[in-house]
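The values are calculated or read from the model by the stated rules, or taken from the named source; none is laboratory data. Predicted model, so just to flag it, every value in this text is computed and none were measured. Here Cβ is always computed from backbone atoms with ideal geometry, including for glycine, and neighbour counts include all displayed protein chains.
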Amino acid sequence: MNKIIRKVQFSEKVYRFDIEAPLIAKSRKAGNFVIVRVGNKGERMPLTIADADTTKGTITLVVQKVGLSSIKLCNLNEGEYVTDVVGPLGNPTHIENFGTVVCAGGGVGVAPMLPIIRALKAAGNRVLSVLAGRSKDLIILEKEVRESSDEVIIMTDDGSYGEKGVVTVGIEKFINAEHVDRAFAIGPAIMMKFCCLVTQKYNIPTDVSLNTIMVDGTGMCGACRLTIGGKTKFVCIDGPEFDGAQVDWDEMFKRMGTFKKAESEELQRYNE
Ligand code: FES
């Protein structure tokens, strides 16, 4: 059982949790994730670690209410307990001094992007960040991202904050203004696919962090398998980050939709 030390509401459906997990806080690196369960029969939810405080022994997770399991988690309050938190899992992000990097985060994807931005900055990169969301209230962690970025562009679909337009407009703006050596994109799968299509035009290698369905998180069950570069890979142990140009996006969309019907039926039962 892991205690919720702090809960902050970022927007209508997005919450930040600081959860007691001292050993994970001590050993996690940028790119690592945990698998969280609410209730003994709860679904296992992979969530990337956004931050950690080794003094307090907490890890920070940013969660969006999208399905039954995330709703159950978001309904927990400070002082209550998450049934279990397993991690850190997955490979850390490959960080080095690439030169100039563009980091694009969409919606809650900004949370897993934050430790990567910090690590890239600490490694000496010039960091250009794009934060994107549907509207102003869905732009999260702006202050923290600005602290570790050389420049920041904010894009909102409705123009309520920053510039009006999608994330790829911001990415292309940076690419057209200066030489970019590498890119990172984290957000909804469709957003990452389009980020990669843009960066591929300019031959910029782009890493994406895949958030597939997971069960054990240790390479045993196969729930997270995907075709990357023509080979079967397990996102939990081979990833979660991959070269976006190698990802079979159509397969990813198909696999992510596998349990949609069962999920909505469960959600309906929960709401009754
Ligand atoms: Fe089971 Fe990856 S989650 S193999």
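Worth a mention:
- Positions within segment 194-217 being surrounded by fewer than 19 Cβ atoms within 10 Å (Cβ to Cβ) and on the phi > 0 side of the Ramachandran plot, in sequence order: N203
- Any chance I71 is out of contact with any Pro (no Cβ under 6 Å at 6 or more places or on another chain), assigned to a helix (DSSP H, G or I) and farther than 21 Å from V38 by Cα: no
- Checking I190 against (1) of a type outside the set (G, A, S); (2) assigned to a strand (DSSP E or B); (3) farther than 21 Å from H94 by Cβ, the condition it does not meet: (2)
- Cβ pairs under 7 Å, 6+ apart, first in segment 202-218 and closer than 20 Å to E96 by Cβ and without any contact (Cβ under 8 Å) to a residue 40 or more places away in the chain, second within 16 Å of the ligand (Cβ to nearest atom) and acidic (D, E): V208/E241
- Being in a loop (DSSP other than H, G, I, E, B), surrounded by fewer than 17 Cβ atoms within 10 Å (Cβ to Cβ) and of a type in the set (A, V, I, L, M) is true of M220.
Listed here are the residues, each with its yes/no results for (1) modelled with pLDDT of 95 or more; (2) under 12 Å from A111 (Cα atoms); (3) buried (at least 18 other Cβ atoms within 10 Å of the Cβ).
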residue	(1), (2), (3)
K13	no, no, no
F17	yes, yes, yes
I24	yes, no, yes
F33	no, yes, yes
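- Unmet criterion (only one of (1) closer than 25 Å to V102 by Cα; (2) within 16 Å of the ligand (Cβ to nearest atom); (3) modelled with pLDDT under 95) for F242: (3)
- Hey, G230 in contact with a helix residue (DSSP H, G or I) (Cβ under 9 Å, 6 or more places away or on another chain), small (G, A, S), without any contact (Cβ under 8 Å) to a residue 24 or more places away in the chain and away from the ligand (no atom under 16 Å from the Cβ) or not: yes
- For V169: the one exception among (1) closer than 20 Å to P112 by Cβ; (2) without any contact (Cβ under 8 Å) to a residue 24 or more places away in the chain; (3) not charged (D, E, K, R): (1)
- Scan of segment 193-217 for residues that are part of a helix (DSSP H, G or I) and either within 16 Å of the ligand (Cβ to nearest atom) or of a type in the set (F, W, Y) (or both), ordered by number: F194
- Taking the numbered list (1) out of contact with any helix residue (DSSP H, G or I) (no Cβ under 7 Å at 6 or more places or on another chain); (2) under 15 Å from S148 (Cα atoms); (3) crowded, with 16+ Cβ neighbours inside 10 Å; (4) free of Cβ contacts under 8 Å to residues at least 60 places away in the same chain in turn, P115 passes all entries but (4).
- From the list I190, I237, the lone residue that is within 29 Å of R118 (Cα to Cα), more than 16 Å from the ligand (Cβ to nearest atom) and at pLDDT below 95 is I190.
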